[in-house]
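Each remark here refers to the structure printed beneath this line.
The values are calculated or read from the model by the stated rules, or taken from the named source; none is laboratory data. Nothing here was measured: the structure is a model prediction, and the numbers come from that model. When we count neighbours, we look across all protein chains shown, and the Cβ atoms used for this are built from the backbone with ideal geometry, even at glycine. These accessible areas exclude ligands, DNA and RNA; they are computed on the full protein's heavy atoms, side chains included. Shrake-Rupley method; radii C 1.70, N 1.55, O 1.52, S 1.80 Å.
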Amino acid sequence: MNDVKTADTMRAMGQDVLGGPEVLKEIELERPAPRPNEVLVRVRAAGVNPTDWKHRAQGLFLGEPPYVLGWDVSGVVEATGVGVALFRPGDEVFGMLPYPFGHGSHAEYVTAPARAFAAKPAGIDHVQAGALPLVSLTAWQALVERAELRAGQRVLIHAAAGGVGHVAVQIAKARGAYVIGTASAGKHDYLREIGVDEPVDYRTTDVTEAVRDVDVVLDTLGGETSVRSLRVLRPGGVVVSILPVGSDDFPREAERLGVRAVRMLVDADHHGMRAIADLVETGRLRPTVAGTFPLAEAAEAHEIGETGRTTGKLVLVMD
Ligand SMILES: NC(=O)c1ccc[n+]([C@@H]2O[C@H](COP(=O)([O-])OP(=O)(O)OC[C@H]3O[C@@H](n4cnc5c(N)ncnc54)[C@H](OP(=O)(O)O)[C@@H]3O)[C@@H](O)[C@H]2O)c1
């Protein structure tokens, strides 16, 4: 660790041990250089996601630290590696670093395959663009690619006010679906504003008992919710769960009911990012930014996010 930042170094939020938000600390690292087919991006803003605090506390896919977390990026291409034809220095880009092993955007600079990025839509700033990549790729891959959601279909989105949920609602509306979304009652006006047709208060109503004839469920909660959600489906319907590990009851019950059970992890994708940029440019997708934090205050963002009550996204902003 250096005391003085030089042109070859950068600030990042790192951790040496697993634990609570207090293990995050500002560190000085060597600025990475882009390898062939990679770009070096000066990060301007980066969303914080549940996977950040899960990795911070439990290591999950990454194992033991030291490491720098963060997968969301909005920023400016600083340099390109050999062979990169997609972008040039100075281009504004947004994207998700390859999940899970390409982490490291909670830093001033990051390198990644050029194809992890797309051009940042001109109509939104870096904070908004930094909020979008991981949650919108997740929602896109779940609803459009896995479930092939079509106009006129009924979709149930659990935790519709959350990071993934609020984007999923807008993607579903953009495809012409009828959207049922769950949140506590105080968030129902917000749900209607972003396009939910039928808000359900999960605290007073078991949505898996209250709704039927659903074509697609986006399960953001896992556990019993995955299995119970199968019951709301029409024959041939699908529950896409973004909690990728869980009980065998989920596929077993799906088979018994003649419906589909899919578990998935988000995957970095240039074309998905372009589709998301197109939704933004055509006014059909806007992130809700619940709060911004300087990079040095990442621990506070983790602390707030970890309560599980956020509406939209928390975003780290680099100077
Ligand atoms: N597989 C993947 O690749 C992938 C990708 C992204 C996310 N995920 C996972 O998906 C989950 C959701 O992520 P996220 O970013 O959307 O989380 P988030 O933004 O932290 O979700 C917060 C929202 O959840 C709502 N909520 C909490 N408990 C609820 C319940 N029982 N029913 C309905 N709503 C509830 C809260 O609303 P109230 O205040 O009204 O309770 C709040 O608005 C996380 O576990 C995350 O790790 C997986």
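Output the residues belonging to the stretch 51-91 that are within 16 Å of the ligand (Cβ to nearest atom), surrounded by fewer than 18 Cβ atoms within 10 Å (Cβ to Cβ) and of a type outside the set (S, T, N, Q). Selection gives LYS54, ALA57, GLY59, LEU60, PHE61, LEU62. Of all residues being within 24 Å of the chain's Cα centre (by Cα) and more than 10 Å from the ligand (Cβ to nearest atom) in the stretch 238-254, which is surrounded by the most Cβ atoms within 10 Å (Cβ to Cβ)? Just the residue, please. Here the answer is VAL239.
Out of all the residues in the stretch 292-303, is one or more open to solvent by 10 Å² or more (accessible area, probe 1.4 Å), closer than 18 Å to GLY20 by Cβ and within 18 Å of the chain's Cα centre (by Cα)? Checked the stretch 292-303: at least one residue is open to solvent by 10 Å² or more (accessible area, probe 1.4 Å), closer than 18 Å to GLY20 by Cβ and within 18 Å of the chain's Cα centre (by Cα).
Restricting the stretch 181-194 to residues that are surrounded by 24 or more Cβ atoms within 10 Å (Cβ to Cβ) and hydrophobic (A, V, I, L, M, F, W, C) leaves a set whose member that is nearest to PRO287 (Cα to Cα) is LEU191.
Of the numbered criteria (1) within 16 Å of the ligand (Cβ to nearest atom); (2) under 26 Å from ARG228 (Cα atoms), the one VAL259 fails is (1). Restricting attention to the stretch 198-208, the residues that are open to solvent by 30 Å² or more (accessible area, probe 1.4 Å) and over 23 Å from the mean Cα position of the chain (by Cα) add up to 5. Residues that are open to solvent by less than 10 Å² (accessible area, probe 1.4 Å) and within 12 Å of the ligand (Cβ to nearest atom) within the stretch 164-179 comprise GLY165, HIS166, VAL167, ALA168, VAL169, listed in sequence order.
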